[in-house]
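Here's the structure we're looking at; comments come further down.
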Amino acid sequence: MNYLRSLQNLVEERVLPLVANKALSWTKSDGTLVSSVDLAVQEELIGIIEKKYPDHRILYEEGEPKHCFKQSDFTWVIDPIDGTANFLEGKKEYSIAIGLMKGNEFLESLVIFPAYGESFYAAIGEGVYRNGERMPVLKPNPEEKEIVFCSRTYSKAQNRMVGYKPTFYRCATYSVLRVLTGKALAFHAVNTMLYDVGPISHIASEAGIECLCGVDQPINYRPDLKRIPIFLAVSPIVSQQLRHLILDDSES
């Protein structure tokens, strides 16, 4: 395997310095922000992948998806900056996410949190590596009350999550990371994209976090740019009852 692992040092050497650059930003047609750093990081990642694996497909967030249409079993999934608004405001909750799929399955994933100086890597069946060191499986804390929501679910969740602590970080990768590291019980998002949650959910899954499209339905990822209607990452201690509450009756 080791397609992505073989590129990790190169990615870190050539991409991480770009986030230190001054960023220009503008609003896209869908109302979300994009910056000059998003585009620079994406261009650099595409260049690195194309040089090493010219026949592979690449899915990415920004611009015309011209690399989507290659005929290959392998698909790279890129989010150059997840949490662009946080990045532009000088907050730490943003990441660079890369994953490699074969068919509908993630083989390898790498998510870097530059402001925290941390990277998380996983290969299928090989566990999770945090900053290059094998990460032990963390025991969930049954006393934890934080449950993370996305921008579309947060306001409604505040009224129904009595006894819990609903939070919102404007960054899907960081939100799943909270669950992976035992700081939150779950993360719930709707109408998200493969590049937002695919690589980080693969990493979380390798650590025993369940990533679902309903109360107990595993997500069947597809290498395309269609929206994922429901995404739920949950600690294994989260009960069926709490999963229903998180999703609410209309989704569960």
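Taken together, the values in this text are just the output of simple stated rules run on the coordinates, not laboratory data. These figures come from a predicted structure and were not determined experimentally. Ideal geometry is used to build each Cβ from the backbone, glycine not excepted, and the neighbour counts take in all protein chains shown.
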Percent of all alpha-carbon pairs of the range 161-252 at distances over 20 Å, whole number, is 28
Between residue 244 and residue 105, the two model label points (7 Å from Cα along the beta-carbon direction) sit apart by a distance in nm of 3.4
Pseudo-spin-label distance residue 141 to residue 225, built 7 Å along Cα→Cβ, given in nm, is 4.0
Expressed to one decimal in nm², the mean projection of the alpha carbon convex hull of the range 5-134 is 8.1
Taking the convex hull of the alpha-carbon atoms of the range 121-182 and averaging its shadow over every direction gives an area in square nanometres of 5.3
Output ordering of 97-107, 202-212 (per-residue mean of other Cβ within 10 Å, highest first) is 202-212, 97-107
From the cross-link list 183/226; 91/156; 156/226; 70/102; 28/51; 92/226, the entries with a Cα-Cα span beyond 20 Å are 183/226; 91/156; 156/226; 28/51; 92/226
Residues 110, 138, 39 in order from fewest to most other beta-carbon atoms within 10 Å are 138, 39, 110
Fraction of alpha-carbon pairs in the chain farther than 24 Å apart, rounded to whole percent, equals 43
Quick calc, the range 72-116, dipole around Cα centre from Cβ unit charges on Lys, Arg (+) and Asp, Glu (-), nearest 20 debye, gives 140
Between residue 230 and residues 5 or more places away or on another chain, the pairs with built amide H atoms under 5 Å apart involve 191
Counting only DSSP beta bridges fully inside the chain, the antiparallel percentage to nearest 5 is 80
Within the range 85-117, the residues whose backbone N lies under 20 Å from a label point placed 7 Å from the Cα of residue 33 along the Cα-to-Cβ direction are 85-97, 112-117
Each label sits 7 Å from Cα toward the beta-carbon; between residue 13 and residue 72 the label points are separated, in nm, by 2.2
